[in-house]
Amino acid sequence: MKLSEILARYDAAALEALAADKIDDVLHLRLPKEVLIDEIADTIASFSYVSDVIASRHPPCFEILDLLINAEDHMIEVANLRAMVRERTTELIHIADGDDSLGLSKEYDLYTRMLEAAWANDTVVDASESSMLTALRRELGITFREHIVLEHGERVRHFWNTPDAYERERNHLIRSGLLHSIDDRYVLPEELPPLVRKVWSIQLPQDDFRRLLAYLSNERLYDLLSSYGLKVSGTKEEKINRLVNNYVEPPDLLDRLTIYELKDIARNIGAHISGSKSEITERLIEFFRNQEDLRIEEATAEPEYIEPEPKALEWDSFQHLFQYLTIENLYEIADSLDGIPKSGSKSDRISFLWQSRYSEVTLLGVLTNTVLRRIMGKLYLPTSGPKDEKIARLIDWAKAQSGVQAESVEADVDDGFIGSDHEFFEDAEQEPVVSHEPGKPRALDAIASSYPFLNLSQQVVLAVLHELHSLNETELERLVARYNIDWFLLKAEMMNLVELLEEHGAPVVQIRARGDYNVYEYVGS
């Protein structure tokens, strides 16, 4: 069921209670039911919201969502869910306690010690500790699903495995609006499974992974099980289930195959076989995730031409409007729609959106109402009304700016109010500007004056973040290379910067977890 269909069953009081901590407007005015449903659905069905709700949760939150994600129509009988969660929890404990549960090539003991320390601090893992664990996982090459298994181990599970653990996590998901009870069934809205998988960095649903593994021979499955330290006996189906049920990650498994084996799978399912090993791996994962293997006849047919959606704006007006989006907003649009490159400078990303086959309505429609209101606030536009009205208002505003945009955009960029390009990341290979003169960030002097307790490297990073408003990890890496900053563990360095700022009463940087990577935002004035 779609989220809007589920919310339509709620009465006005229930909707307002659900919206109370999600929509600012509901605090000061009574919105029409249709508008309220649109606002709530738009907020809940966003990656940032889902990430905030589940990124730092504890078992058995994973079991509840994993069961619903893999259930038919994402529904489970209310009377059955508790027993199913208990059974899945028992399975994970069995995997965690088994001698052959995980391979021995990673620093599982070190990670478990850190995980145990985070729990022991105050018997809960808060957002900052979760971010540190995410950074550590990335450095050690430990996947989220391996984290889940380790969290069910003997050294950690006594912190969370309490009699009310199921009710605690179920009620949290219900209060947040991710989980709903409809006609004696728990329902996960159909928009949410892809977002949950993205937060958890789960590349393939279990059934899709099983179909991929079915293309391997029984002998090859034996070899793969042996390489993971898992039992190798049983039928082919049992071998496949053992790999899936032990949370083996598809990219890691495919990396253990030769490029010739990958090409054989691609050839058998009608996918392209050209490219490097990593490119073929990504192609196979996307192919099975989109279930194109179930439509081999269609996949081998001549691709259907898709008529581009007409754009309402000329290039100058389009560029002017989209300059008011942050780099994170532009990334979210590209990540949500097919065929749009996700990397590049801000001006590159805007050009990619312009060159795409999508209209401004479709592009802006990816953004949440909260983001649209923030953009409209910068433009002094009314922020009320349904989402489609907000988008129409923004497009009309851009049309009216024809002939005046060059001067106003330049002024905004100089003031640092938009996440502009500034060419920081255009030439990371050039000779580093160690002295930061004259290619230093424009805000460096002001940052150095305001935050003298920071060292020069921290001031440079903060100055760039101040001008761009947000940085993802790839951009942070390029920034470090561009200015020859001697940082090794970037996440740990950023966490240290945030803590140092907070210690001096200046919490101007916010870290948002996006699965296994972070986005860093400047939230100061």
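Quick notes on this structure:
- Where a residue in segment 353-368 is in the same structural domain as Leu321 (by TED's automatic domain parsing) and acidic (Asp, Glu) and its partner, wherever it lies, is part of a loop (DSSP other than H, G, I, E, B) and at pLDDT 90 or above, with Cβ under 8 Å and at least six apart: Glu360/Lys311; Glu360/Ala312; Glu360/Leu313
- Cβ pairs under 8 Å, 6+ apart, first in segment 3-19 and not assigned by TED's automatic domain parsing to the domain that holds Asn171, second surrounded by fewer than 14 Cβ atoms within 10 Å (Cβ to Cβ): Ile6/Ile182; Arg9/Ile182; Glu16/Arg30
- Inclusion of Ala392 among residues that are modelled with pLDDT of 85 or more, in a helix (DSSP H, G or I) and either closer than 25 Å to Asn290 by Cβ or under 20 Å from the mean Cα position of the chain (by Cα) (or both) is not warranted.
- Of note, Asp208 satisfies the criterion of being closer than 24 Å to Leu294 by Cβ and either under 30 Å from the mean Cα position of the chain (by Cα) or among the β-branched types (Val, Ile, Thr) (or both).
- Residue within segment 304-317 that is outside any loop (DSSP other than H, G, I, E, B) and either free of Cβ contacts under 8 Å to residues at least 24 places away in the same chain or not hydrophobic (A, V, I, L, M, F, W, C) (or both) present: yes
- Note on segment 321-351: residues that are buried (at least 18 other Cβ atoms within 10 Å of the Cβ), modelled with pLDDT of 90 or more and over 19 Å from Glu467 (Cβ atoms) total 2.
- Only one of the listed residues (Phe322, Phe287) is among the hydrophobic types (A, V, I, L, M, F, W, C) and in the same structural domain as Ala266 (by TED's automatic domain parsing). That residue is Phe287.
- Residue check, Ala481 farther than 22 Å from Lys346 by Cα, assigned to a helix (DSSP H, G or I), of a type outside the set (D, E, K, R) and not assigned by TED's automatic domain parsing to the domain that holds Glu139: no
- Residues satisfying the stated conditions in segment 476-504, i.e. polar (S, T, N, Q) and in contact with an Asp or Glu (Cβ under 7 Å, 6 or more places away or on another chain): none
- Here segment 374-388 is the region considered, the condition is being small (Gly, Ala, Ser) and not in a helix (DSSP H, G or I), and the residue that is surrounded by the fewest Cβ atoms within 10 Å (Cβ to Cβ) is Ser384.
- Test for Ala118: is it surrounded by 15 or more Cβ atoms within 10 Å (Cβ to Cβ), small (Gly, Ala, Ser) and either in contact with a Phe, Trp or Tyr (Cβ under 6 Å, 6 or more places away or on another chain) or without any contact (Cβ under 8 Å) to a residue 40 or more places away in the chain (or both): yes
- For segment 449-472, the set of residues classified as surrounded by fewer than 17 Cβ atoms within 10 Å (Cβ to Cβ) and not in a loop (DSSP other than H, G, I, E, B) consists of Ser449, Ser450, Leu456, Ser457, listed by residue number.
- Inter-residue pairs, beta-carbon under 6 Å, first of a type in the set (Lys, Arg) and in segment 333-346, second surrounded by fewer than 14 Cβ atoms within 10 Å (Cβ to Cβ), 6+ apart: Lys342/Asp335
- The listed residue being over 27 Å from Val519 (Cα atoms), among the aromatic types (Phe, Trp, Tyr) and surrounded by 21 or more Cβ atoms within 10 Å (Cβ to Cβ), out of Tyr222, Tyr186: Tyr186
- Every condition in (1) over 26 Å from Glu475 (Cα atoms); (2) surrounded by fewer than 19 Cβ atoms within 10 Å (Cβ to Cβ); (3) at pLDDT 90 or above; (4) of a type outside the set (A, V, I, L, M, F, W, C) holds for Gln355 except the one numbered (1).
- Taken over segment 337-363, the criterion of being assigned to a helix (DSSP H, G or I) and over 20 Å from Glu307 (Cβ atoms) is satisfied by Lys346, Ser347, Asp348, Arg349, Ile350, Ser351.
- The sole residue among Val371, Val361 that is surrounded by fewer than 18 Cβ atoms within 10 Å (Cβ to Cβ) and under 18 Å from Asp38 (Cα atoms) is Val361.
- Matching option when the condition is at pLDDT 85 or above and over 16 Å from Tyr215 (Cα atoms), among Val248, Val232: Val232
The values are calculated or read from the model by the stated rules, or taken from the named source; none is laboratory data. Source: prediction; values computed, not measured. Ideal geometry is used to build each Cβ from the backbone, glycine not excepted, and the neighbour counts take in all protein chains shown.
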